[in-house]
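Heads up: the structure comes next, in structure tokens.
No lab work stands behind these numbers, since they all come straight from the coordinates. Keep in mind that what you see is a predicted model, and the values were worked out from it rather than measured. Note that we place each Cβ from the backbone using ideal geometry, even for glycine, and neighbour counts take in every protein chain shown.
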Amino acid sequence: MNGVMPMPANELERLKALADLDLDYSSLNDNLKNLSKLAAKIAGTDISMINLIDSFTQWTVSNYGLDLDQMDREDSICQYVVAGGQDVEVPDLQLDERFREKDYVTGDPQVRFYYGVPLQAGNGVHLGALCVMNKQLHQLSPEKIEMLRIIADEIVNRLKAMKVIENMRVKISEANENQRRVAHDIRGPLGGIIGLARIISEQGDENTMDEVLEFIDLIQKSGHSILELADEILSIDAKANETKLAANEFNQITLKEKLIKLYTPQAVNKKINFSVGTCANTQTIPFLKNKLLQIVGNLVSNAIKFTPADGFVKVELLIGGQEGKQDLKIAVTDSGVGIGNEKIQQILSGKGESTDGTGGEKGYGFGLALVKHLVEGLKGELTIISQPGTGTTFEVSLPQGAKPAK
């Protein structure tokens, strides 16, 4: 191979479109597995995969016939589908100089045939590919190819529908929060009414107005009933919050679990120690999960890329901030090659260009630009601390609003 990796002309726009879907790559299989299986059955192949491609990684979000979650982007075949924006067929991978030395050709599962269809999100943006592969030489009829394209369209429709559903869940969560606030609001005045009714009731003998006292007694009982209802609503809401986050929330524990699951394979493959730390005092405090997996994921992948074997990549999570507000603080630190001040300024100005990683990984130059774009979109700040040869720390601070009342 000549080492030149294919890249779409609209790569940054493509990555932004993928980030806007705000997908958790580890949780899509249940919604897509019937489509990946259908693709293999229609094509008559051993394997089918639904692959989404970000700056560094090909994420296999659903597959049939091959247990695979991810691979480096530069090793994938589907990157050529995304780069060209059209179907790609490789009749015999063993004869193609781009792929004949890849592990999936020389070793298990020893794939020979490949056909990939782009996942088109519109406006010339391609999120990834639906591909079918076979361990023996194979051919697809025009009718089967057309059916694969229909399945690819349905995959994109489902991804978009999942985003809509997620937005609806957020609105429902907000409605529940409004219910909680209403309950809080009515407790105060109702408590006052009950207290007033009690005082009048205690002084009732002086009034000698039996009808009034009976009426006040009814008010008191009604007030107690409403107050109990408010307490019940608050109690149910509090118990729910103890065990379940809102639809649009993570806490440090859940974010740590996601990062470990998604990025440990990349670190293990390169013999790098990958860890995620949380702050015990704040690890259960919820925060908005909007674009977090895209932001932290790109920083982690970038750190792994520029860290040599036996090094480390560490993520630290913290909730903190100044009086009256709280920020989610994320630090991604590596023991890699480091970055000079000129390069840092290029990245922060959105003009940085990536280079090859320590293991020969090919740079695409858009991962950190996407991070900067996403952080700015969330009104946050990105800071880079590094010197050549000393490793790098990327610090992200994202505002989360007012601190909750104690």
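Test of understanding: ordering 295, 339, 285, 150 by Cβ neighbours within 10 Å, fewest first, what list do you get?
Numbers: 295 25, 339 22, 285 16, 150 11.
The most exposed by this proxy come first: 150, 285, 339, 295.
Cβ under 15 Å from residue 41's Cβ, residue 41 left aside: what net charge do those residues give with Lys, Arg +1 and Asp, Glu -1? Let's see the in-between values first.
Details: positive: 33, 37, 144; negative: 46, 143, 154.
It works out to a net charge of 0.
Over region 249-399, calculate the relative contact order: mean separation of alpha carbon pairs under 8 Å at least 6 apart, over the residue count, as a percent. Mind showing how you got there, number by number?
Working: 298 pairs, mean separation 34.9, N = 151.
Computed over region 249-399, the figure is 23 percent.
Just how large is the dipole of region 25-124 about the Cα centre, in debye to the nearest 20, putting +1 at every Lys and Arg Cβ and -1 at every Asp and Glu Cβ? Please list the in-between numbers first.
Numbers: 8 positive and 16 negative charges, 76 e Å.
Value, rounded to 20: 360 debye.
Do the alpha carbons of any pairs in 160/271; 33/314; 163/343; 102/372; 135/160; 305/329 sit beyond 29 Å of each other, and which pairs? Mind dumping the intermediate values first?
On the way: 160/271 36 Å; 33/314 33 Å; 163/343 36 Å; 102/372 33 Å; 135/160 33 Å; 305/329 23 Å.
In this structure, 160/271; 33/314; 163/343; 102/372; 135/160 exceed 29 Å between Cα atoms.
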